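Student: Before I ask anything, let me first share the structure, which is written out below as structure tokens.
The values are calculated or read from the model by the stated rules, or taken from the named source; none is laboratory data. From a predicted model like this one, the values you see are computed outputs, not experimental measurements. Methodologically, a virtual Cβ is constructed for each residue, glycine included, from the backbone with ideal geometry; neighbour enumeration extends over all protein chains shown.
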Ligand code: HBI
């Protein structure tokens, strides 16, 4: 059926300007969905904090103080808002321009956009980018699940399952422009780890497995928690690791593709694992803790191995089995499940379901 062309207002995460990496996977997700929806003929405006850059797309930049990252909160944390909150300012702008759009898409994992949903005249689709973190967030997301069925998007069933309203969530998985990821058939003798360098990502286990195996580990990503990074360097002074920085996607995939495996060591329920599908697209097998969205991505023994969570020995054993994996099978999985087109179909259908008020089958 022909889906009409929509006018869409995308509102980004308030934790950091797009392009700084503080927004983690949301930055890549926002870019990919924008690219694919524009290709399909929809009109898009993006609202994001000052300093945001998302070439080649223009961004409406909004001033204000950044929000505290949700994953630093505890279950009973109250909702906090800084003075002159960029989140509040972005949503005040949205309130003023809403009549120019068919649908608002919220990319923030924050209380305010969810609470404001019933105050707006047009529908809001919420892309929930993490699993359950705090009681206050759980209850406001649940309120939206009940009042506005079908408007909650997630990245995996495993992530949805951390909430009581899993059945009301639409799983979008994720996707990327495969044409910028190049398959590498013959890797170097190096392992890779990619992500925000912060406690919930469990980098120390990847470093420990590099020390045990003696295989060098290349580390890519923003050092979000400096003291956490310093502690790893102090705890593993002689581990064969090399910090490669926070690279733009085209450069990252070039370096990542040359690695023999990507180690994915989340301490939390990773909603999806953008870095995992980027690795697959380059032919890089996954060695991941059996936790979160990765459990729906890794095809055991075919495109990687799922390992007992928090088991460094499990990582080491899997590293020893990498010769069982056909790297081209990794690329093929990305092409079948995570292409921009496949993700675009899922996202466009989600928008259409919301706008035609079709309840889920
Ligand atoms: N924290 N408060 C808050 N808001 C967000 O939008 C947010 C976050 N922490 C992490 C994050 N977004 C993204 O990096 C992940 O959802 C991918």
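Student: Evaluate the following for residue 80: is it free of Cβ contacts under 8 Å to residues at least 24 places away in the same chain and over 22 Å from the mean Cα position of the chain (by Cα)?
Tutor: yes
Student: A follow-up question, please. Given (1) near the ligand (Cβ under 10 Å from one of its atoms); (2) surrounded by fewer than 19 Cβ atoms within 10 Å (Cβ to Cβ); (3) at pLDDT 95 or above, identify the lone condition not met by residue 81.
Tutor: (1)
Conditions tested, residue by residue: (1) modelled with pLDDT of 95 or more; (2) more than 15 Å from the chain's Cα centre (by Cα).
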position	(1), (2)
230	yes, yes
233	yes, yes
271	no, no
278	yes, no
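Student: Tally up the residues in the stretch 85-108 that are outside any helix (DSSP H, G or I) and within 16 Å of the ligand (Cβ to nearest atom), please.
Tutor: Residues meeting the conditions: 6.
Student: Follow-up. Scan the stretch 30-43 and tell me whether some residue there is more than 13 Å from the ligand (Cβ to nearest atom), surrounded by 21 or more Cβ atoms within 10 Å (Cβ to Cβ) and either under 19 Å from residue 66 (Cβ atoms) or modelled with pLDDT under 95 (or both).
Tutor: No: zero hits.
Student: Does the stretch 175-185 contain any residue that is more than 26 Å from residue 319 (Cα to Cα) and free of Cβ contacts under 8 Å to residues at least 60 places away in the same chain?
Tutor: Checking the stretch 175-185: at least one residue is more than 26 Å from residue 319 (Cα to Cα) and free of Cβ contacts under 8 Å to residues at least 60 places away in the same chain.
Student: Return only the number of the condition from (1) more than 16 Å from residue 14 (Cβ to Cβ); (2) in contact (Cβ under 8 Å) with a residue 40 or more places away in the chain that residue 122 does not satisfy.
Tutor: (2)
Student: Does at least one position in the stretch 8-25 carry a residue that is within 16 Å of the ligand (Cβ to nearest atom), over 23 Å from residue 225 (Cβ atoms), free of Cβ contacts under 8 Å to residues at least 40 places away in the same chain and surrounded by fewer than 20 Cβ atoms within 10 Å (Cβ to Cβ)?
Tutor: no
Student: Taking the stretch 32-50, which residues are in contact (Cβ under 8 Å) with a residue 24 or more places away in the chain and touching a strand residue (DSSP E or B) at 6+ places or on another chain (Cβ under 7 Å)?
Tutor: Matches in the stretch 32-50: 32, 34, 37, 42, 43, 44, 45, 46, 47, 48, 49, 50.
Student: Hey, can you tell me all the residues within the stretch 50-72 that are under 20 Å from the mean Cα position of the chain (by Cα), in a strand (DSSP E or B) and more than 16 Å from the ligand (Cβ to nearest atom)?
Tutor: Listed by number, the list holds a single entry, 57.
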